[in-house]
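The values are calculated or read from the model by the stated rules, or taken from the named source; none is laboratory data. Note that the structure is predicted; figures quoted are calculated from it, not measured. Cβ placement follows ideal geometry from the backbone for every residue including glycine, while neighbour counts extend to all protein chains displayed. Keep in mind that these areas ignore ligands, DNA and RNA; they rest on the heavy atoms of the full protein, side chains included. Shrake-Rupley method; radii C 1.70, N 1.55, O 1.52, S 1.80 Å.
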Amino acid sequence: STGSTLCSYELTPSEYTTDPRAAKLCPKYPVPESAPIPFFHRCAPVNISCYAKFAEALITFVSDSSVLHRLISGVMTSKEIIMGLCLLSLVLSMILMVIIRYISRVLVWILTILVILGSLGGTGVLWWLYAKQRVSDGAIETQIAKDNLQALLVYAISATVFTVILFLIMLIMRKRVALTIALFHVAGKVFIHLPLLVFQPFWTFFVLVLFWTYWITVLLFLGTTGSPVPNEEGFVEFRMVGPLKYMWWYHVVGLIWISEFILACQQMTVAGAVVTYYFTREKKNLPFTPILASVNRLVCYHLGTVAKGSFIITLVKIPRMILMYIHTQLKGKENACARCMLKACICCLWCLEKCLTYLNQNAYTATAINSTNFCTSAKDAFVILVENALRVAAINTVGDFMLFLGKVLIVCSTGLAGIMLLNYQRDYTIWVLPLIIVCLFAFLVAHCFLSIYEMVVDVLFLCFAIDTKYNDGSPGREFYMDKVLMEFVENSRKSMKEAGRGGGAEGRELKPMVGADEE
């Protein structure tokens, strides 16, 4: 095309592609010889030396980057310490799950005292600042001073109102906190009798990884599905026609639905095992493997329930993701009103998703207890949660904060041990990255373990509510609950008698919930 002669002068241009000597007399192609990888329809170099050159280039890049080189060398130098600290976080998480039932009462009172002192202190400081500024600025009539004084007054009044409301809530919920403590105590016993519950997050994560690997593989197949068509630039594109164009949407929906299905299977398995423990009067008569028995019931009877519950979450999650995508694409282009409406819709769908997730988890527990379908179980669980709204609020606030404190404790303990151990290497290696890796791993481990603990507490609460609804402790209607929960019920009855036998809302809420629909 250009008249350039690239080969040796011994060859004429007409012989470039026909003469067998062209392999020696002409330059090699800049693209190495390639062959398609089986199943993936992607070309890769045949000669393994190409990969060696790539690795050599990567090593050269790392060596030339002094900061990156020091960070990686710090990780490699401290790899034994990192592995030991990761193991320490695992051990601490297991120990915390065993002893949390003994320290739950202390944690609750510490939390209550801190909240009271914090709210009173903050309100007092605001009023003190307001009074001090009012006295000192009495002779100053500038507009800025007046605005600051007015702002302090508004803050002080708001803090006072917040403190009063907080005190009223704590006064109303003070006796419900006792139930939270009792449930945490019983949850510790559950893990002693069912130690394999601890490993449920690992099995779930393993199954999710397998599914995500399969999903990515199918995604690569979809990338080369269709007919190869040359484009305007002379390259080949795979263009899908007909129903294949919509396979991407089907594949994305499948990712969300099946991921939620796997997580729901874990919830159903845990619920089935804990329900078996709760409603077995003699704990020595528990099945040899309650978790495997729960998995067997799930596979044989409850897969449809789990599929329906996870599909409902998918129906809410997909519109939220679409709105988030639209918001990202329109960033900087939409007006303030549209941006506010989009964010409001995203927030509402997020709240709806969280509420439905919590209701689904309780519906799975009701299914494990009564072996009813999803809709019936969801209705029963919703009624029980509404009847015990204050107790649910106490468990979800106090209990969640206690578990959050547990996560912070594990991360801080592991981080402190890491600082003490890595401090000995401060003269010849950077230990910032190893410490960050250890703290992240410790948080993930603590989150996995304590999330199972939270799930067990929620299942125990629903079992307790159903137990007190259909049983009252009389002959023939004995409670199934643990002794700790029995003590809570007895104390509640004593409080009810002292308050005047059904005089107020407190008495009505505390007595056994034997309904008119009792069976």
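Screening residue 344 against (1) more than 25 Å from the chain's Cα centre (by Cα); (2) surrounded by fewer than 18 Cβ atoms within 10 Å (Cβ to Cβ) leaves a single unmet condition, (1). Considering only region 371-401, state which residues are within 17 Å of residue 309 (Cα to Cα) and touching an Asp or Glu at 6+ places or on another chain (Cβ under 8 Å). Hit for region 371-401 is 372, nothing else. Every condition in (1) surrounded by 14 or more Cβ atoms within 10 Å (Cβ to Cβ); (2) touching a strand residue (DSSP E or B) at 6+ places or on another chain (Cβ under 9 Å) is met by residue 241 except one, and the failing one is (1).
Select from region 1-50 the residues that are of a type in the set (Phe, Trp, Tyr) and modelled with pLDDT of 75 or more and write down the one among them that is farthest from the chain's Cα centre (by Cα). Within region 1-50, the match that is farthest from the chain's Cα centre (by Cα) is 9. Restricting to region 307-319, count the residues that are open to solvent by 40 Å² or more (accessible area, probe 1.4 Å) and either in contact with a Lys or Arg (Cβ under 8 Å, 6 or more places away or on another chain) or in contact (Cβ under 8 Å) with a residue 40 or more places away in the chain (or both). Within region 307-319, residues that are open to solvent by 40 Å² or more (accessible area, probe 1.4 Å) and either in contact with a Lys or Arg (Cβ under 8 Å, 6 or more places away or on another chain) or in contact (Cβ under 8 Å) with a residue 40 or more places away in the chain (or both) number 4.
To keep it simple, each residue is scored yes or no on (1) more than 30 Å from residue 442 (Cβ to Cβ); (2) open to solvent by 50 Å² or more (accessible area, probe 1.4 Å); (3) in contact with a strand residue (DSSP E or B) (Cβ under 6 Å, 6 or more places away or on another chain).
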{"position": "349", "(1), (2), (3)": "yes, no, no"}
{"position": "353", "(1), (2), (3)": "no, no, no"}
{"position": "379", "(1), (2), (3)": "yes, yes, no"}
{"position": "403", "(1), (2), (3)": "no, no, no"}
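Here residue 322 meets each of (1) more than 26 Å from residue 190 (Cα to Cα); (2) at pLDDT 85 or above; (3) surrounded by 13 or more Cβ atoms within 10 Å (Cβ to Cβ) with one exception, condition (3). Can you tell me which residue within region 193-218, out of those that are among the aliphatic types (A, V, I, L, M) and in contact (Cβ under 8 Å) with a residue 40 or more places away in the chain, is most open to solvent (accessible area, probe 1.4 Å)? Ranking the candidates gives 196 first.
Can you confirm whether residue 230 is out of contact with any helix residue (DSSP H, G or I) (no Cβ under 6 Å at 6 or more places or on another chain), modelled with pLDDT of 80 or more, open to solvent by 40 Å² or more (accessible area, probe 1.4 Å) and under 30 Å from residue 106 (Cα atoms)? Answer is no for this residue.
Inspection of region 219-241 finds a residue satisfying the criterion of being touching a Phe, Trp or Tyr at 6+ places or on another chain (Cβ under 8 Å), free of Cβ contacts under 8 Å to residues at least 12 places away in the same chain and not in a helix (DSSP H, G or I). When the residues of region 330-385 are filtered to those that are part of a helix (DSSP H, G or I) and of a type in the set (D, E, K, R), the one that is nearest to residue 460 (Cα to Cα) is 380.
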